[in-house]
Amino acid sequence: MRAMVLGASGTLDEVERPDPEPGPGEVRIAVRACGVCRTDLHLIDGELPPGGLPRIPGHEIVGVIDRLGAEVLGLSLGQRVGVGWLGHSCQHCPYCLSGHENLCDHPGFTGYTRDGGFATHAVAEARYVYPLDGIDLDDAAAAPLLCAGLIGWRSLVMAGPHRKLGIYGFGAAGHIILQVARWQGAEVFVFTRPDDLAAQEFALSLGATWAGPSDAPGPEPLDAAILYAPVGALVPAALRAVRKGGRVVCAGIHMSDIPSFPYEWLWGERQLVSVANLTRADALDFLHAAALAGVHPAVTTYPLTQANQAVADLRAGRVRGAAVLVP
Ligand SMILES: [Zn+2]
Ligand SMILES: [Zn+2]
């Protein structure tokens, strides 16, 4: 197989390897598309705890099962499936036993502690492989659902009941969750970098009630706000934008430090929470909702071998929606 591999250099190198063989409980997937997530940037930049190198990144995999390991039930050869960030859980820690596998003490993460989908083939645990039968999107458009969509969904649920929702950062997750929130009947207010008028226009075109700069409060108090931008300074900004009793959800795996702020901005029973990873139930719920809502991610595709270019474009904010690699 061919893969783009992250070594110590901090860049992705094209490598030929023998095709991986699925072990018991695993399947091999012929990758048709794999999204590039902001977490991949954090991984490449060394901002996450070491997950082992060399590593094939990529945790928004869409492909077709081309080999079944032993003891795999419920999946079949040729089936179109997706794989996301959480790729393994221990099944015996207190979190796993209480239905919080997203917080597992001994997890495995696709494209971080296990090889992922920046490749022509990937092996995944069957428990964390999701059939995409109901998803009426081409492979590249479906790929961002597997992380931007899934983590986005978990953060949307975590935001609690809301009629007016703020979204900070309008990349892959933001533009997917806007579509879901609109389908649910919420008004959505989108906050972007002050000079990013194109992103604000994009948000309005997808049905945002308002879009504007993130360094000022929006036009009216929000019931909840979700931060997809990994910018700690936005936490106090979002707290100032939500009403009393409102909730601010930090959805990223990494964020720059949060500056100190007056307690008054948290006062009034405002809540500040984070979202970590996802559960299989999140995945099934979201894929069902995405199909019903007719979510259609905007994607820019790149050949697999141009992964470094995709990463650079994402980093520079040049990607509208999501970047996706196609083998
Ligand atoms: Zn566990
Ligand atoms: Zn991700």
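The values are calculated or read from the model by the stated rules, or taken from the named source; none is laboratory data. A quick note: this is a predicted structure, and the numbers were derived from the prediction, not measured. For neighbour counting, all protein chains shown are included, and Cβ atoms are generated from backbone atoms with ideal geometry for every residue, glycine included. The accessibility values were calculated without ligands, DNA or RNA, using every heavy atom of the protein model including side chains. Shrake-Rupley method; radii C 1.70, N 1.55, O 1.52, S 1.80 Å.
Below are the figures for this structure:
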{"item": "Area projected by the alpha carbon convex hull of region 150-274, averaged over all directions, nm²", "result": "6.7 nm²"}
{"item": "Distant-in-sequence amide H partners of Ala323 (H built 1.01 Å from N, under 5 Å)", "result": "Val36, Thr300"}
{"item": "For the chain, size of Cβ-based charge dipole, Lys and Arg +1, Asp and Glu -1, in debye", "result": "560 debye"}
{"item": "Length-normalised contact order for region 31-127 - Cα pairs under 8 Å, 6+ apart - percent", "result": "33 percent"}
{"item": "Rule-of-thumb Rg ratio for the chain [Cα; 2.2 N^0.38 Å; N residues]", "result": "0.96"}
{"item": "Accessible-area value, Glu21, 1.4 Å probe, nucleic acids and ligands omitted, Å²", "result": "110 Å²"}
{"item": "Relative contact order of region 195-327, pairs being alpha-carbon contacts under 8 Å that are 6 or more residues apart, as %", "result": "16 percent"}
{"item": "Evaluated over region 266-311, the Cα radius of gyration and Dmax, each in Å", "result": "17.5, 51"}
{"item": "Rounded D (µm²/s) - region 1-145, Kirkwood Rh over Cα pairs, Stokes-Einstein at 25 °C, 0.890 mPa s", "result": "159 µm²/s"}
{"item": "Most to least accessible of His162, His42, His92, His100 (protein chains only, probe 1.4 Å)", "result": "His92, His100, His162, His42"}
{"item": "For Gly63, residues with placed amide H under 5 Å, excluding near neighbours", "result": "Arg32, Val81"}
{"item": "Note, ³J(HN,Hα) from phi for region 188-205, Karplus 6.51, -1.76, 1.60, rounded to Hz, x at Gly and Pro", "result": "10, 10, 10, 10, 10, 4, x, 8, 8, 5, 5, 5, 5, 5, 4, 4, 5, 5"}
{"item": "Contact order normalised by residue count of the chain, Cα under 8 Å, 6+ apart, percent", "result": "19 percent"}
